[in-house]
Structures are given as structure tokens and as C-alpha cells.
1. Determine whether the range 59-66 contains at least one residue that is touching a residue at least 12 places away in the same chain (Cβ under 8 Å), assigned by TED's automatic domain parsing to the domain that holds L132 and within 21 Å of the chain's Cα centre (by Cα).
2. Can you name the residue in the range 311-322 that is touching a strand residue (DSSP E or B) at 6+ places or on another chain (Cβ under 9 Å) and not aliphatic (A, V, I, L, M) and is also farthest from G402 (Cα to Cα) among such residues?
3. Which of (1) out of contact with any Ser or Thr (no Cβ under 8 Å at 6 or more places or on another chain); (2) assigned to a loop (DSSP other than H, G, I, E, B) is the odd one out, the single condition G359 does not satisfy?
4. Every residue in the range 132-159 that is in contact with a Leu (Cβ under 7 Å, 6 or more places away or on another chain), aliphatic (A, V, I, L, M) and farther than 24 Å from Q50 by Cβ, please.
5. What residue, of D421, D415, is in contact with a Ser or Thr (Cβ under 6 Å, 6 or more places away or on another chain) and over 22 Å from L339 (Cα atoms)?
6. Just checking, how many residues over the range 259-310 are in a loop (DSSP other than H, G, I, E, B), closer than 22 Å to V407 by Cβ, assigned by TED's automatic domain parsing to the domain that holds P358 and of a type in the set (A, V, I, L, M)?
7. Hey, among Q145, Q232, which residue is polar (S, T, N, Q) and in a loop (DSSP other than H, G, I, E, B)?
8. Please determine whether any residue of the range 417-429 is outside any loop (DSSP other than H, G, I, E, B) and either of a type in the set (K, R) or more than 20 Å from T260 (Cβ to Cβ) (or both).
Amino acid sequence: MADQGHCAFITSEMSPFASTGGLAEVSASLPEAMARRGWSMIQIMPMYRQVIEGNFPLVETGMVLNIPVGFHQFRAEVWRTAPEIQPAKYFIRRDEFFDRAHLYNLSYRDYEDNFERFVFFQKAAVALIDALERPVSLVHCNDWQTALMPLYLQHGVRGQGRGKREKTLLTLHNLAYQGIFSGDEYSYSNLPFGCFSVECLEFYGNINCLKGGINTADFLTTVSQTYAEEIQTEAFGYGLHGVISDARHRLRGITNGIDTQTWDPQTDSALAKNYSVKDPSGKQHCKRALLKLAELSIPDRGPLLGMVTRLSEHKGIDLLDEMIPDLMGSHSDLGLILLGDGDAQYEGMCLRWQSHWPGRIRVMNAFDRVLARQIIAGADLYLMPSRYEPCGLNQLYAMRYGTVPVVHHTGGLADTVTDADNSQTNGNGFVFSDYTVKAFQDAVQRAIRCFDRKAEAWRDLQNRGMAGDYTWDQSAAEYEKIYRQLHQSSS
């Protein structure tokens, strides 16, 4: 396939190198999908401790970039994957900024120098783009950690002018995280003072990195069609709904795909037994193995609910807490396995469930990728009662593994899960619209009734989920339209 253009994909995390969630999965899969469509891609991310200690096949380039941050000058080392690995992945190394236990925060607070850290990273990315031999026509940025890239491509790392030669695309993965910092830190940016304005990145006297990117990127995408509409409302816009609404003519929602080679129940080595839509018998083996691993005493014919999630306010843990006494009381053979960590109050809440219903509920707070796959494969129902979910990937993983999702009608959940009771031919899960305990409980009860009493209907649900197209092909085709439009306008 002919080379379509040269693109730099800038991200703060990427699987398998360093990850906190969906952004890392997208940052790994989307550039590869675009490369398969003929685009020349490079990826740039920070070199965190997880990267250094991960035994990845990385090599030093010998390049050292001098990066100003406020009145200080820092040296950035550049590492990369081996030349035979494509797309090429570059890593910006400065240990005092990135050699830390976590990417963005401790358990109880964000790192206080996050603005300085990611200003440094973005400037280093611009300096690297300038140092590489081949010119870039398009820069694809992601979330607040890279949202100032359009400004640095225009004004340069010292704020004295560069002349933006590249077109910019900014993807909004989660508007709840905007990169808001005190205006007192603005000097770290080295940007012209005119950028600290309500038309650019000023936000009630503070710096708002995401606002700056929304106002200055050539095009915007977000990770589902419904979320693109939701973030233009006060309820989901987190103070930026007006800014986004003004930019709606250059905003498009594109639902994420997943890496279907990595997430494949036919080949997944984490599973007790592999299975497929043609031979699903191995799924019951996975359930039995999971019950044994979690030390649950429910019969293997009983409904097993699974949940792998960050424990935070918007994930619907409060809804589950209110409904769980009735749920456990009305179904003596029901079990629940939850894997996740996060806010201490929600961790404590979940552990109280386990204490109250030993042998029926198991909560594990230390995140484990292998265990996450075993839960997704071994559960019968997968719960995602999120108050909002920009796209969500776990519902896609669950359906691919024959596990029926129960979800709130929001964001990407609304775009990917169709209620089985509303559509006998296209239903692939159970959906509730009102964000209430009653609505969530009704959806779970409908799912359990189908599991208990309608074996053929349940199998059809699983089949439709497993047969769904969750690849990046369709999403990448939509991104390619934007890439091509921006590339042509930069020529």
C-alpha cells in the first residue's frame, strides 16, 4: 500500500510499556491500525520507571535534546524500539520527571509538578520531531498531557516562534481530566503571555491544558459518538461544554476498537481452557477455575457476576452498594467477583460486601492483568454501571469472551451494547437508562432471569456478543478520513 503521509502520535501512556487504562490500549492499537492502512507512524511517550524496568527491547539513539522549562534547562535522552519494530516508538527520558512509582499520582494526591513534567515532555516531543530526518505532516495528540502540542508546534519550545508546519488532531479520551493548574505556574510553559487568555487556555485564573488544546487543535475527536454529544452538555462537559459546543464543527466521535488478536478466547494463555463461538464448552471450564481461584462456594450453575474497574465515584460502585443486599438475598446461588483499586472509601465499601457474604463475594484490590482476563472469561454477567463512560473497552472484551454485559446507557456503552429485551435479533446485553439503583437492579434481574430460564436465548446473546466486529478496522477508516483531510491541507 502506498505511503499516505507521516504522522507523530503523542501520548502519555501506551501498552504494554506503561498503562493506567484505555488511553494506553488505544495508543498501542490505533497507530498500528493506521500503519496497516499505509500511514507512516511514529509514537512518542515518556520513559517511565515501568518502561525502564520492563525489559523491553529498547536502544539509546544517542540523541540528547536541550529543553527549557521556565528559567531552567533540562536535557532529555531519546530512546526507541529496535529499528525492525514498526511503527517506531520513541521514549523521552528524564528520570527526575518520570522515574516514579506511578504515572500521574500517588494514592492520595497528584504529583505536584505534573504541569512541569508534561510541559517538558511536550517540548521534548516537538524538539524530537524537529530533529528527525523526515518531516511530519500530522501530529495526533491525546488528552491533557499532550494538549499543548498545537501551541508548541506554533510557538516553539522557547515561545519565540516556530511556525506550525504540521496539522494537529486532539483526541479527548476523558473530559473529567483536564490538566488544571495554578496560573502561578504559567512561566514553566515559556508560551507567550497572550496564550493565557480566555480564548486560549485560561480557565478562571488557572491554566487548563485541555481547553488550550480544544481551542487550538485543527481537529478534535472523542472516543464514541454518544460521548461527543454528551460533552457538549453541562452534565458531562465539566465546565468546558461551551468551548466544545463552539468547536463542534471540527469534532467527531469515533468509537474505539480493541486488539482482537490479543483479546481472543481461542488463544488467550491466561484462560483455564480456550473456547470459541463454534465450540464454547471451554467457557464453563473457565468459570469453574475462577470459582476455585476466588474460593467461592456457589454452584457452578449459579449466575456469576464479574467486574474489573477503577474504584471511583463515576464507576457506579454506589449503585451496586445499595442494591447488593436485595440481590444477594433474592438469589442464594449468585456470586460476585470484583477486581479493582482506587479510592479508599470504595475499596472499604467493597471489602465490607466480602465480609458480609463470605464464599459468595470476592474482592481483590491489587490489579492483575491475568486475573482480569480470567474474570472476563469466567463470569456469566459483566457489570458496568458507570455514571459516564466515554467509550469503555471492558464491555467489548466481555462480549468477545461470551460474557453478557449489563451497562448504563451512556457514552460508548450506549453505542456498543443493545438491550436484549428491546431487540430479540440484535441484543447483546442488558441496558438501563436512568442512573438509579432501581433501574440498575431491574437490568441485573432481567439478565439473571434470562440466564436462569432461557437457555437458548442466553446462548444467542453470547453468540451475538462473540461474533461482533470489535476490530479497529471501521474506526481506523473513520480516522483515515480525518488524517487524509488534514494531511492534504498541510501540503
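1. No: zero hits.
2. Keep residues of the range 311-322 that are touching a strand residue (DSSP E or B) at 6+ places or on another chain (Cβ under 9 Å), which gives 311-312, 315-317, 319-320.
Within this subset, residues satisfying the condition of being not aliphatic (A, V, I, L, M) are 312, 315-316.
Values: S312: 26, K315: 22, G316: 23 Å.
Here the residue is S312.
3. Only one criterion in (1) out of contact with any Ser or Thr (no Cβ under 8 Å at 6 or more places or on another chain); (2) assigned to a loop (DSSP other than H, G, I, E, B) is unmet by G359, namely (1).
4. L138, V139, L151
5. Details: D421 fails: in contact with a Ser or Thr (Cβ under 6 Å, 6 or more places away or on another chain).
Within the list D421, D415, the selection yields D415.
6. 0
7. Details: Q145 fails: in a loop (DSSP other than H, G, I, E, B).
That would be Q232, the only listed residue that is polar (S, T, N, Q) and in a loop (DSSP other than H, G, I, E, B).
8. First, the residues of the range 417-429 that are outside any loop (DSSP other than H, G, I, E, B): 419, 429.
Cutting the leftovers down to either of a type in the set (K, R) or more than 20 Å from T260 (Cβ to Cβ) (or both) gives us 419.
Yes, there is a match, as at least one residue in the range 417-429 is outside any loop (DSSP other than H, G, I, E, B) and either of a type in the set (K, R) or more than 20 Å from T260 (Cβ to Cβ) (or both).
The values are calculated or read from the model by the stated rules, or taken from the named source; none is laboratory data. Here the structure is a predicted model, which is why all the values come from computation and not from measurement. With ideal geometry, Cβ positions are generated from the backbone for all residues, glycine too; neighbour counts draw on all protein chains shown.
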